[in-house]
Amino acid sequence: MTTGQPGNARPTPTDDAPSRPAPTRAEDDAAKASGPKDSAKADAAKTDGPKDGAKADAAKADGTKTDTAKADGTKADGTKDVAKGGVVTDADEAEGTKAEDADGSQKADGDPKPVEAERWEAFVSAPEPRPSRLSRAVRAVGRFLAHEWTLATLAALALAVLMTWPTLRYPRYTLPQDYWDPSLQSWQMAWSGHILLADPARLWQSNTFFPELWSFAFSDTLLGYAPAGMLGSGPQDAVLRYNIMFVLAHALATLGAYALARQLGAGRIGAAVAGVGYTYAPWLLAQAGHLHVLSNGGIPLALAMLARGHGWSLRYGYRPEQRHDGWVYAGWLVAAWQVSLGFGIGLPFAYFLAGAVLVVAVLFGVRRLRSGRALPFGRRLLVADVLGGVLFAGVGLLMAFPYFKVTELHPYAERTIRDVSIFSPPASGFVTAPAESRIWGALHEGARAALPGNPEMTLLPGFVLYALAAGGLFFSVWRLRHRLLLLVGVLVTMVFAMGTRFFDGTFTYVPLFEHAPGWNALRTPGRLMLWTTLLLALLAAGAITALTDRVRELAAQRIPSWPGPWLRMATLLPLLLVTIEGLNATPHPVVPAQPAAMRSAEGPLLVLPSNQSIDQHVMLWSTSGFPDVVNGGSGFTPRQLDDVRRVSQSFPDQTSVDYLRTLGVRTVVLLRGQVPGTPWEITIDAPVESLGITRQDVGDAVVYRL
């Protein structure tokens with residue numbers, strides 16, 4: 001067999017094969033042009049090496065074709081170029097046959113034959129079929145359902161239903177804890193949703209406390225829940241709406257605290273402990289009748305979004321690649337929504353954000369002066385913070401304006417430092433649980449009796465949370481300085497939560513009360529325990545994360561894996577204990593049914609008897625059509641309502657009738673079930689023809705038309 005040579009080398013004739021005629025000059029030039037190229041191909045094939053059997057055979061076949069083409073002027077596919085006068089030898093035929101076998105094709109008489117299948121093609125994996133639209137959609141849904149945040153949201157919702165049970169057992173007829181403040185807040189959501197659809201300009205001029213102005217601002221409004229208030233009508237729908245939002249508020253608080261802990265660097269179990277400890281702290285069980293206090297999930301959620309947008313975490317510090325201005329906008333929006341729920345919780349949050357922005361601006365300003373570097377977060381984040389901060393401040397000012405008007409019209413409504421002293425808890429309150437705690441309620445009955453006002457002074461965040469936070473001071477994923485800062489935050493917020501009980505509040509609560517705008521409206525300092533609970537939860541999350549990380553490291557170092565699954569499951573024990581300590585024994589009384597007379601009575605109307613408790617029910621009953629009513633219950637009582645209650649004690653008589661007509665009242669509803677022991681017990685059936693009014697019995701009430 002002859003082998004091709006590069007350049008101008010020519011094959012030497014042998015005895016067994018006739019000599020070939022000398023190639024022409026054209027053929028010689030063609031050989032020079034093709035030789036190096038074919039040689040390069042062969043070298044490349046040798047250099048690359050066979051990746052598999054099929055590729056190796058193909059490489060050999062190419063090399064054989066190249067050699068044959070160089071030796072006798074044949075083509076690379078093993079056929080002789082007859083036009084050039086080449087003579088086919090036995091060796092050439094053998095080489096051509098091998099080339100045909102390797103190449104899978106041959107030419108006979110100039111006719112191409114079909115290409116045979118690759119010999120190893122049968123062993124190649126079949127191509128994966130292209131998924132259909134349905135299968136792609138199913139996979140996308142599966143990925144969404146298996147995502148961490150989907151699972152966290154579903155878990156928070158399920159836990160909220162269980163931990164607030166039996167709130168959703170009879171959601172149209174019962175309310176958690178009592179039916180006074182929850183009735184008021186049920187009306188608030190119903191009114192905001194109704195009036196924003198009917199006449200938004202009348203938002204702050206509610207149908208209650210007639211004929212007072214700005215009456216919707218007599219207490220926290222839960223205005224952020226207005227979209228829910230647009231669904232349904234009447235008292236039963238209002239109660240149902242309240243119970244649903246009551247459960248969702250717990251779920252949002254759990255999810256928000258979980259998101260904040262995760263963003264700061266905690267693991268999943270540690271973040272879950274933070275979420276449950278923050279939401280179901282025993283002291284919050286005493287606030288079951290105050291939805292505006294329980295609606296605090298926007299605080300940790302907004303902080304988590306702002307930290308995520310700036311690429312900052314407690315564990316990893318500042319990571320520029322993680323920053324995103326979209327999260328910054330979302331964080332400011334959530335913060336503004338939180339303030340719209342009420343200033344009782346929103347005002348301290350606003351001051352915290354303002355202080356955080358000020359501290360960050362000062363630190364980065366000093367750093368820039370020292371290093372001369374540009375803003376660390378970039379201009380886009382700076383613009384997002386400016387616009388978001390302006391939006392937040394704008395919502396706060398718009399919400400505050402009606403309250404300033406109320407203070408202007410009713411200066412006696414302002415709180416005094418004496419009011420704060422009444423609700424200021426002693427230090428023993430931090431280890432005392434409310435009666436609504438299923439675990440500690442009965443055991444702490446004596447301790448509660450020693451408190452001057454136990455509903456707002458039982459501030460136990462949980463003994464398990466205390467223990468986990470204490471452990472987090474010594475064993476944690478947070479750095480030492482961060483742990484110390486969290487500890488300082490815990491102590492400071494506890495001192496402020498004591499109000500005037502800590503050295504009379506001279507250096508703590510009193511300066512805020514006297515100089516911080518709006519702070520004098522906060523009469524219950526114990527609600528600042530919300531911030532203490534959040535900081536304790538973050539300390540606990542650091543400890544649990546360190547524990548789970550250590551268990552994971554031990555498991556990775558041992559073969560077979562140790563510790564086993566039982567010890568890994570033991571890391572869930574703190575989560576279980578925090579959950580158990582948050583179990584409730586909250587009563588769920590049945591809401592008084594709406595009197596039949598309230599369904600058809602025309603306003604403006606007055607319902608008698610009138611007092612703080614009954615008037616809150618009247619507000620709920622007025623959600624059927626929202627007629628103007630003189631009745632109302634809130635954080636303070638207008639003097640005009642006091643006058644109405646005093647004058648109407650003698651109703652029906654000429655003096656009371658004339659006074660009510662002067663106010664514009666056209667209907668009076670007297671509830672028979674509430675008159676025993678009152679002056680109306682005697683006059684309810686007295687004739688009224690001489691007074692120029694009419695009287696009609698409607699159900700269990702008497703309706704007077706003036």
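Measuring r between the beta carbons of Leu409 and Gln612 and using R0 = 22 Å, the FRET efficiency lands at 0.65. Summary of packing: across the peptides 452-465, 151-164, the per-residue average of other C-beta atoms within 10 Å ranks them, highest first, as 452-465, 151-164.
Evaluated with a Cβ-only charge set (Lys, Arg +1; Asp, Glu -1), region 122-259 carries a dipole of roughly 820 debye about its Cα centre, given to the nearest 20. Here the 3J(HN,Hα) profile of region 275-281, calculated from phi with Karplus coefficients 6.51, -1.76 and 1.60 at θ = phi - 60°, is x, 5, x, 6, 7, 10, 4 Hz, Gly and Pro shown as x. Could you tell me how far the Cα centroid of region 574-602 sits from the Cα centroid of region 396-410, in Å? If we compute the Cα centre of each part, the gap is 31 Å.
The modelled label-to-label distance between Ala570 and Leu473, using points 7 Å beyond Cα along the C-beta direction, is 2.5 nm.
Highest average first, the peptides 570-576, 301-307, 581-587 ordered by how many other beta carbon atoms sit within 10 Å of their residues are 301-307, 581-587, 570-576.
Using +1 at the Cβ of each Lys and Arg and -1 at the Cβ of each Asp and Glu in region 426-516, identify which of Ala435, Phe463, Thr500 lies farthest towards the dipole's positive end. Ranked along the dipole, the leading option is Phe463. Only protein atoms count toward the accessible area here, which uses a 1.4 Å probe; on region 320-390, the carbon and sulfur part of that area reaches 69 percent. Relative protection proxy for 688-697, 466-475, 517-526, 187-196, from highest mean packing down: 187-196, 517-526, 466-475, 688-697 (other beta-carbon atoms within 10 angstrom).
Spread over its residues, the convex hull of the C-alpha atoms of region 662-706 is 84 Å³ per residue.
How big is the Rg/Rh ratio for region 475-561, C-alpha atoms only, Rh by Kirkwood, two decimals? A ratio of 1.26. Amide H contacts for Val698 (H built 1.01 Å from N in the peptide plane; partners 5 or more residues away or on another chain; cut-off under 5 Å): Val703. Take region 489-533 with all the other protein chains still there, run a 1.4 Å probe, and you get 44 Å² of accessible area per residue. Here the simple spin-label model places points 7 Å from the Cα toward Cβ, and for Arg370 and Phe144 these points are separated by 4.8 nm. Here region 610-655 exposes an accessible surface that is 45 percent carbon and sulfur, computed with a 1.4 Å probe and the other protein chains kept in place. With the cut-off at under 18 Å, measuring from each backbone N in region 457-487 to a point 7 Å along the Cα-to-Cβ line of Val431 picks out 457-471. Using a 1.4 angstrom probe on heavy atoms only, work out the carbon and sulfur share of the accessible area of region 148-283 in %. Summing carbon and sulfur atoms, their accessible area is 67 percent of the total for region 148-283. For region 321-329, putting each phi into the Karplus relation 6.51 cos²θ - 1.76 cosθ + 1.60 with θ = phi - 60° gives couplings of 5, 8, 6, 7, 5, x, 5, 5, 4 Hz, in residue order, rounded to whole numbers and with x for Gly and Pro.
Can you work out the accessible area per residue across region 283-386, with the rest of the protein chains kept in place, probe 1.4 Å, in square angstrom?
On the way: 4880 Å² over 104 residues.
Ligands and nucleic acids excluded, the result is 47 Å² per residue.
For region 415-567, a crude dipole built from +1 on the beta carbon of Lys and Arg and -1 on the beta carbon of Asp and Glu, taken about the Cα centre, is about 340 debye to the nearest 20.
Comparing Ala447, Ser424, Val395 along the charge dipole axis of region 362-455, the residue lying farthest to the positive side is Val395, per the Cβ-charge model.
The local environment of Leu487, defined by Cβ-Cβ distances under 15 Å, has a net charge of +3 under the rule Lys, Arg +1 and Asp, Glu -1. Say R0 is 45 Å: what FRET efficiency, to the nearest 0.05, do Thr506 and Glu602 get from their beta-carbon distance? Between Thr506 and Glu602 the formula returns 0.25. Kindly list the residues of region 683-706 that lie in the label zone of Tyr659, defined by a backbone N under 17 Å from the point 7 Å along the Cα-to-C-beta vector. Inside the label zone: 683, 706.
Applied to region 345-353, the Karplus parametrisation 6.51 cos²θ - 1.76 cosθ + 1.60 on θ = phi - 60° returns per-residue 3J(HN,Hα) values of 9, x, 5, x, 5, 4, 5, 5, 5 Hz, with x for Gly and Pro.
The values are calculated or read from the model by the stated rules, or taken from the named source; none is laboratory data. This structure is a prediction, so every number in the text was calculated from the model and none was measured. Cβ coordinates were reconstructed from backbone atoms using ideal geometry, including for glycine residues, and neighbour counts include every protein chain displayed. Just the protein is used for accessible areas: all its heavy atoms, side chains included, with ligands, DNA and RNA removed. Shrake-Rupley method; radii C 1.70, N 1.55, O 1.52, S 1.80 Å.
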